[in-house]
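Here's the structure we're looking at; comments come further down.
The values are calculated or read from the model by the stated rules, or taken from the named source; none is laboratory data. On a predicted model such as this, the values are computed, not experimentally measured, just so you know. We place every Cβ from the backbone using ideal geometry, glycine too, and count neighbours over all the protein chains shown.
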Amino acid sequence: MKTTLILALGLFYSLNVFPQDWAPIGAVWHYDEQFAFAGDIDYIKFESVKDTTVLGKLCKKITKRHRLYCYNRAEYEIMYSSNDTVYFYDLDFNGFQILYDFSAGIGDSWGILLKDVNDTSDIDSLQISVDSTDTTTINGNQLKRLFVTYSFVGEMFQNSYQGIIIQSVGDIAYMFNFPFNDGMVCDMNYSDGIRCYEDSVLGLYLFMPPTPCDAVAVGITEFPVSETITISPNPTNGVFNIHFVSSYKLEYVLVRDLLGRLVLVERLRSDGTVDMSHVSNGTYLVELFGSDSESLGRTKIVKI
């Protein structure tokens, strides 16, 4: 099924947020790397290493330590930003596409074209729609945050999932949070979220303290939630409660399946309930985040 690119709808964003070009030289991202059917933990590292010109655009070259093999991305990325929009070079189309649009407001969207891995003559599409926006603070800097829904449309497969994108940092799941190839299950490595971001202006920020940016472990599958935070009932029939002391400023919860696929991202309700009734029965990883986008821990929950 051939589709056309969904053009970005831009609105000028006038809140007092921190202005910065995307991927300044020396910027580094660390992502938590995990593996299907294994408990090993490693890390993926992206680093902006130099300026380069591609198709007349002054870009940044971003190298990688490890990459997600099921996401069909190259060993390095070419990217540039203009105003509040971040573009990436797509080898399949020999051109640039929009990765993030930080000028977008509620109801706005942009699109990414993807070649079908089974038939390269077919073009699939990924639409990113903004559900809500706010700001988050990183090292004293106010950064815009987008709560989005990714909608993938292919000839044989359609899927939607949610994400959170932070100005200067990108999607907190993975910089290129694209779907698995045409709906196929990936049994290789996957990103379990961003650990750290650092550049010369924002400084170093840890999203998963106390986990070091470059931590590597064998046989570990779960970081326990603090003893002052409890989740019940577990197992659950769909609705569970998060109980926590008032000193914790919990803001939202992410739920992933055991292959790392995001199935739910939800702002925490005032009564602490989370509803995953629409999710299939099985075992899931629940990760809790504070008001500064800092991970407070993750644990398993069983849906029955």
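Within the stretch 145-161, residues that are within 19 Å of residue 264 (Cα to Cα) reach partners that are assigned to a loop (DSSP other than H, G, I, E, B) with beta carbons closer than 6 Å, at six or more positions or on different chains, in the pairs 152/179; 159/179. Quick check on this structure: which one of 242, 231 is over 25 Å from residue 133 (Cα atoms), part of a strand (DSSP E or B), at pLDDT 80 or above and touching a strand residue (DSSP E or B) at 6+ places or on another chain (Cβ under 8 Å)? Just a single option satisfies the conditions, and that option is 231. Just one of (1) surrounded by 13 or more Cβ atoms within 10 Å (Cβ to Cβ); (2) at pLDDT below 60 fails for residue 185. It is (1). Determine whether the stretch 251-267 contains at least one residue that is more than 30 Å from residue 122 (Cβ to Cβ), modelled with pLDDT under 85 and among the small types (Gly, Ala, Ser). No, the stretch 251-267 contains no residue that is more than 30 Å from residue 122 (Cβ to Cβ), modelled with pLDDT under 85 and among the small types (Gly, Ala, Ser). Kindly check whether there is at least one residue in the stretch 152-171 that is at pLDDT 80 or above, under 24 Å from residue 72 (Cβ atoms) and in a loop (DSSP other than H, G, I, E, B). Scanning the stretch 152-171 turns up at least one residue that is at pLDDT 80 or above, under 24 Å from residue 72 (Cβ atoms) and in a loop (DSSP other than H, G, I, E, B). Per the conditions (1) at pLDDT 90 or above; (2) in a strand (DSSP E or B); (3) of a type outside the set (D, E, K, R), the sole criterion not satisfied by residue 176 is (2).
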